[in-house]
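Reading through the structure tokens given below for one structure.
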Amino acid sequence: MEQSEQNKPASGRKQLAVILIMALCSLGGSYALFFAAQGGESWGTTNNGAFVQPRLSVEQLQWRTTDGATLSASNQWWLWTVADQCDDVCVEALHKLRAAHILLNKEAKRVRRGITTDAAFVLPDDQPDLLQIQSLREQTPEGIYIVDPNGNLVFFYPLDINPKLLLADLKRLLKVSQIG
């Protein structure tokens, strides 16, 4: 009887030691992964677009419609296309963006589409919901931008982006967004 009582405290100490070692290994492993993720290029992001750096807003860009109305934060998301001249690549991008917009299904009403290009560009008849936007800031690089409902430019994509990648980012943003 005395022998079995002596084994109990020893096994309790072993169990405590095993639990503490497992906890320390878990904590140490999480710190190691955290610091490895900071240094790695493929870790830490799930988006396909590039974040717009430095931060820009539609107020800084001084968005206006072609009739001069000011566009500020509109409580809607925007797919904004910027092209110096809307050539074949730009027109193809507009068609792909319209298709992606349609694929948003019930979320499509939360997103508007706009384009900034040369003054000679005439909106195509097959793009009825496309709005022509003037930006007084001329240094905005060509591409496609996702703009949040607060008017901040979030992601940038080249004009020849696969629309499935852009659509994946946009769906993720709409899913987690509490605004717009």
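Observations, loosely collected:
- Residue-level analysis places GLN53 outside the set of residues that are surrounded by 11 or more Cβ atoms within 10 Å (Cβ to Cβ) and either without any contact (Cβ under 8 Å) to a residue 12 or more places away in the chain or assigned to a loop (DSSP other than H, G, I, E, B) (or both).
- Every residue from region 68-90 that is surrounded by 15 or more Cβ atoms within 10 Å (Cβ to Cβ), at pLDDT 90 or above and aliphatic (A, V, I, L, M): LEU79, VAL82, ALA83
- Matching residues, region 140-180, being assigned to a loop (DSSP other than H, G, I, E, B) and hydroxyl-bearing (Ser, Thr, Tyr): THR140, SER177
- PRO141 vs. criteria assigned by TED's automatic domain parsing to the domain that holds PRO54 and in contact with a Phe, Trp or Tyr (Cβ under 7 Å, 6 or more places away or on another chain): no
The values are calculated or read from the model by the stated rules, or taken from the named source; none is laboratory data. Keep in mind that this is a model prediction, so the values were computed, not measured. A quick note on method: Cβ atoms are made from the backbone with ideal geometry, for glycine too, and the neighbour counts reach across all protein chains shown.
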